[in-house]
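Trainee: To start, I am sharing the structure in question, which I have written as structure tokens.
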Amino acid sequence: MTFPQRRLRRLRRTEALRRIVAETTLSTDDLIAPIFIREGISEPQPIDSLPGVKQHTLDSAMTEIDELSQLGVQAVIFFGVPAEKDAEGSGAWDPQGIVQVALRLARERFGDSVVLISDLCVDEYTSHGHCGILDGKGSVDNDATLELYKKIAVAQADAGADIVAPSGMMDGQVAAIRAALDEADHTETVILAYAAKYASSFYGPFRDAVDVSIGDGGDRKGYQQDPRNGREAMEEIRSDLAEGADMVMVKPAMAYLDIILRTRLETDVPIVAYHVSGEYAMLKAAEANGWIDGPAAAVESLVAIKRAGADLIITYLARSIAESLSGFVPALPAPPKAIDAPTPELES
Ligand code: PBG
């Protein structure tokens, strides 16, 4: 008879035992790296609140993608920082807009070896920083905004995006984009829907990265989700799937692991979690203060997101994790000497 209190520790005794019973693995195939591309700069610019992340020039963005793919990270998501903004955010669908130019360059340079994803929204391009057209009363006009999203989807697909990722949280955005893509003969373009996207305080550093401030001290609570709601997130997931989403996203990640799990139970399509800028910045700040072991906490965070049910993670950690993953799996001890020893002569 075993003592039940000893049973669970037996499988934790050595690193080799722990590895064979590990339920969750993290690989570079799981990671999507965000790439910020800023129009009109000649040198990459650091982002104070996102240490280690840069606003790229077109050139440095291509170098970054090249290095990421050598490290095993095959997917990137582009965010544009235009030189000029306007009320509608026209840079988002202009064929000469920064993201379209970057997509064409990357497609030319990397062929199909890299998965190119483009965030599909207007907030980086609008003078007021909202994700759509304002209706005159300070609110975002849902249906007028869908017309813009359709143009962006086609422009991004024309430029070579494999996947478009609508992030504006307008109702009906997936159906509208699918119809526009199909009509333009882009039936193969994948839609990754930011389905359960919360109105979160964890996006702060991202807004520095894309130079966005929402006009009049506004916020996105009129279109993004209320952090108090979980059932509503499932409504979002279900409606995006019904509208034709090929993949769904939960965002942010760490504070919404319950939503990732519920999504996993609801659907078998790939689930992407966005480990957002504020989540990354908190890790980096605590690490810089010597308060936590940064690399270990980073791996633990991403493993937790996968354990909850995510297939893929968009993360600013992609590069550093990929760099360390090669050395991440601890080497097993050398096999016992006897195996190498010559077989003793058999006595006749
Ligand atoms: C909207 C968008 C945002 C993020 C991704 N896409 C910002 C927002 O909704 O305010 C945030 C990502 C992050 O914080 O890392 N285009």
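Trainee: Just checking, which of Pro270, Pro330, Pro295, Pro227 is at pLDDT below 95 and open to solvent by 10 Å² or more (accessible area, probe 1.4 Å)?
Mentor: On inspection, the qualifying residue turns out to be Pro330.
Trainee: For the list (1) in contact with a helix residue (DSSP H, G or I) (Cβ under 9 Å, 6 or more places away or on another chain); (2) open to solvent by 40 Å² or more (accessible area, probe 1.4 Å); (3) part of a loop (DSSP other than H, G, I, E, B); (4) farther than 30 Å from Ala322 by Cβ, I need the number of the one condition that Gln96 fails.
Mentor: Against the list (1) in contact with a helix residue (DSSP H, G or I) (Cβ under 9 Å, 6 or more places away or on another chain); (2) open to solvent by 40 Å² or more (accessible area, probe 1.4 Å); (3) part of a loop (DSSP other than H, G, I, E, B); (4) farther than 30 Å from Ala322 by Cβ, Gln96 comes up short only on (1).
Trainee: Something else: Among the residues of segment 157-164, is there at least one that is in a strand (DSSP E or B) and either hydroxyl-bearing (Ser, Thr, Tyr) or closer than 25 Å to Ile237 by Cα (or both)?
Mentor: yes
Trainee: Let me ask another. Looking at segment 66-87, which of its residues are touching a strand residue (DSSP E or B) at 6+ places or on another chain (Cβ under 9 Å), of a type outside the set (A, V, I, L, M, F, W, C) and part of a loop (DSSP other than H, G, I, E, B)?
Mentor: Correct list: Gly72, Gln74, Pro82, Lys85.
Trainee: Residue under question is Gly52, and the condition is that it be open to solvent by 20 Å² or more (accessible area, probe 1.4 Å), at pLDDT 95 or above, on the phi > 0 side of the Ramachandran plot and more than 16 Å from the ligand (Cβ to nearest atom); does it hold?
Mentor: no
Trainee: Which condition breaks for Gly290 when tested against (1) within 21 Å of the chain's Cα centre (by Cα); (2) within 24 Å of Pro51 (Cα to Cα)?
Mentor: Failing condition for Gly290: (1).
Trainee: Out of Ser90, Ser139, Ser113, I need the residue that is buried (at least 17 other Cβ atoms within 10 Å of the Cβ) and either away from the ligand (no atom under 13 Å from the Cβ) or within 19 Å of the chain's Cα centre (by Cα) (or both). Which one?
Mentor: Ser90
Trainee: So Asp162 ticks every box in (1) in contact with a strand residue (DSSP E or B) (Cβ under 8 Å, 6 or more places away or on another chain); (2) closer than 18 Å to Val99 by Cα; (3) open to solvent by less than 40 Å² (accessible area, probe 1.4 Å); (4) not small (Gly, Ala, Ser) but one. Which box is left unticked?
Mentor: Single failed check for Asp162: (3).
Trainee: Then there is this: Filter segment 230-263 for residues that are over 25 Å from Ala298 (Cβ atoms) and acidic (Asp, Glu) and give the result.
Mentor: Glu232, Glu235, Glu236, Asp240, Glu243, Asp246
Trainee: Sticking with this one: Only one of (1) at positive phi; (2) buried (at least 24 other Cβ atoms within 10 Å of the Cβ); (3) free of Cβ contacts under 8 Å to residues at least 40 places away in the same chain; (4) not aromatic (Phe, Trp, Tyr) is not met by Met169, so which one is it?
Mentor: (3)
Trainee: Which of the residues belonging to segment 26-56 are touching a residue at least 40 places away in the same chain (Cβ under 8 Å) and in a loop (DSSP other than H, G, I, E, B)?
Mentor: Answer for segment 26-56, where residues must be touching a residue at least 40 places away in the same chain (Cβ under 8 Å) and in a loop (DSSP other than H, G, I, E, B): Leu26, Ser27, Glu39, Gly40, Ile47, Asp48, Ser49, Leu50, Pro51, Gly52, Val53.
Trainee: Can you list residue pairs whose Cβ atoms sit under 8 Å apart, with the first residue in segment 270-286 being free of Cβ contacts under 8 Å to residues at least 12 places away in the same chain and the second being away from the ligand (no atom under 12 Å from the Cβ) and among the β-branched types (Val, Ile, Thr)? Count only pairs 6 or more apart in sequence or on different chains.
Mentor: The qualifying pairs are Ala286/Ile292.
Trainee: For segment 192-224, which positions are hydrophobic (A, V, I, L, M, F, W, C), farther than 23 Å from Gln45 by Cβ and open to solvent by less than 10 Å² (accessible area, probe 1.4 Å)?
Mentor: Result: Leu192, Ala193, Ala195, Ala196.
The values are calculated or read from the model by the stated rules, or taken from the named source; none is laboratory data. Treat the numbers as computed from the prediction; the structure is a model and nothing was measured. Reconstructed Cβ throughout: ideal geometry from the backbone, glycine too, with neighbour counts over all protein chains shown. Quick note on the areas: whole protein, heavy atoms, side chains included, nothing else; ligands and nucleic acids left out. Shrake-Rupley method; radii C 1.70, N 1.55, O 1.52, S 1.80 Å.
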